[in-house]
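The values are calculated or read from the model by the stated rules, or taken from the named source; none is laboratory data. All of these numbers come straight from a predicted model, not from anything done at the bench. Cβ: placed from backbone, ideal geometry, glycine included. Neighbour counts: every protein chain shown.
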Amino acid sequence: MLLGFHFLNTNFMGTINKEYSDYINQLKESVQASEQLAAYLEEESEELYKAFQDAYEPAIVQFHIHVATNDPMQLLLVEQALADDHLEGLFLPKMLGYSILRGEVNEQVKYVRQQDHFKFILNALCHSANFEIIKNRCGQTIQVGFSLSSDIWITNLFNSIENKKIKTFLQAMKADKLKDLETRRTVYHRYLNQFKNEIYFYSEYPTDVPSLKVLNNTLRTFMTTRIEHHLDNTALVVPTTEMLLNPLLRDEPELVHYLGIYLNFFPQGSSESKKIVELFNQLRKDHPGFNGFYFQFLREMLNSKSGVNSEADAQVTSLIDKSIKDDITAYYKLLVIVNKMGYVHEDSVEAIRSFYTQHAGLSIVNECVRKVIYNHLHRFITNLDPADYLSIFDLHRTVQAYMGIFTNEHFNQDLKHITMDFIMKTTRKFVDKRGKDFQDIRKFVTTSLVDLGFIKEKDAIDLLKTKRVKPAVKA
């Protein structure tokens, strides 16, 4: 239930859902009949517009969150509808920011493709009856958007605007300092960071090979970000299924990434999802390079915040054809043992040792195995309370065993960093250097962590030694 409405349908076609359209129309009627708007129109002061905004923008914000979270393929259509003049410019500056940040940028921090939705929202904002007030909230946003756009795009935009006052304002938004690449990069990432906790992502779906090549990065970012935010992707099942079953795309390597996302993170059990599973297993047989692309996908997910966990592992394990004797079958059989017994269990350690030695140490499948174990250790150590330091002592033998199996410097260094970070937390908690807790930690560092190569003996002594305090000199 959202603001008195219960939205049931999803629609990824080019028309807005009737429920959404009706809701926006009701918002417009409510806004136009409001006392706050009447008071603002009487004096047109910024203070009264703020009161009007406080009264009605929260409803739009919640509506936008609902659509972005549950029905993202409707998002651009909803934003276009929310840009209507009858909503008096409410939420336009925020939508302008979203439209700018959705665009894919290249290494030069410039848009790969022109952003028509950015132009649409910017035009709506500039031609709003309340432009003089709302423009004060979007100067930085427009500067960032222009810095990412081409000069031709900006010139065409200026030429399309007849109002000289608006054109002068926009021309002033072309910041010379953002012509410098490093400055532009810094400002862009700083601006992007302001939206890090917001849901506004969107991507079109490809229908042929050229559009797959063009949209691949945007679609991957869109899907991966939703997974990282643990959002319900039910609304994406139909368009994703249509893309995966499109015969024009079947042999394209980019498709493997989306097959992986579908199998690991999308709901299963429908007749269409069974077709996707059949396709996945068939491609394993037909294409010798398929497994390599799949493990590239897994490596990317394991190195991200996507949450490839035991639940995803179990889902894929239940779907794949295990009669196919390949690395995918062997990998998921290994994860069954690790997830069932736990990564510290001797059976898990031996299973990983056996699997690992059957593959080249630097192979991508072994890299995925190392990352699985590291992620387990990372979650445990980083979430461990300093008061429970004895648990990390108990983990020593397991860590030693995995370091011996992997003999991988990158794995060792990553493990060293999180372990030493935890040790520093304990030293900040146990400040009595003569106390038992501190002495236990000191012994662990100067023996176990020195043995692992995480710290040199001299550095360990210096790190934890008790500094003598000179007695005060009597007068």
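Determine, yes or no, whether ASP388 is over 16 Å from ARG370 (Cβ atoms), surrounded by fewer than 17 Cβ atoms within 10 Å (Cβ to Cβ) and in contact with a His (Cβ under 9 Å, 6 or more places away or on another chain). Break it down into steps so the answer makes sense when it comes.
Values: over 16 Å from ARG370 (Cβ atoms): yes; surrounded by fewer than 17 Cβ atoms within 10 Å (Cβ to Cβ): yes; in contact with a His (Cβ under 9 Å, 6 or more places away or on another chain): no.
Against the criterion (over 16 Å from ARG370 (Cβ atoms), surrounded by fewer than 17 Cβ atoms within 10 Å (Cβ to Cβ) and in contact with a His (Cβ under 9 Å, 6 or more places away or on another chain)), ASP388 does not qualify.
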For the range 137-233, please list each of the helices (runs of 4 or more DSSP H) lying entirely inside it that holds at least 1 residues being touching a residue at least 60 places away in the same chain (Cβ under 8 Å) and within 29 Å of the chain's Cα centre (by Cα). 181-193, 209-228
For the range 339-353, what are the residues that are of a type outside the set (A, V, I, L, M) and farther than 15 Å from PHE380 by Cβ? LYS340, GLU346, ASP347, GLU350, ARG353
What pairs come up if the first residue lies in the range 390-407 and is in the same structural domain as LYS425 (by TED's automatic domain parsing) and more than 18 Å from ARG379 (Cα to Cα), the second is among the hydrophobic types (A, V, I, L, M, F, W, C) and at pLDDT 95 or above, and their beta carbons are under 6 Å apart, counting only those six or more places apart or on different chains? ALA401/VAL349
The conditions are (1) farther than 24 Å from ALA81 by Cα; (2) touching a Ser or Thr at 6+ places or on another chain (Cβ under 6 Å); (3) of a type in the set (Phe, Trp, Tyr), and PHE169 fails exactly one of them. Which is it? (2)
Could you please find all residues in the range 246-290 being over 17 Å from ASN233 (Cα atoms) and either among the aromatic types (Phe, Trp, Tyr) or surrounded by 20 or more Cβ atoms within 10 Å (Cβ to Cβ) (or both)? LEU255, VAL256, PHE280, PHE290
List every residue pair whose Cβ atoms lie under 7 Å apart, where the two residues are 6 or more positions apart in sequence or sit on different chains, the first residue falls within the range 437-461 and is assigned by TED's automatic domain parsing to the domain that holds ILE392 and closer than 14 Å to ILE392 by Cα, and the second residue, located anywhere, is surrounded by 13 or more Cβ atoms within 10 Å (Cβ to Cβ) and of a type in the set (Gly, Ala, Ser). VAL445/ALA460; LEU449/ALA460
Counted residues in the range 391-408 being surrounded by fewer than 17 Cβ atoms within 10 Å (Cβ to Cβ) and either among the hydroxyl-bearing types (Ser, Thr, Tyr) or at positive phi (or both) come to 2
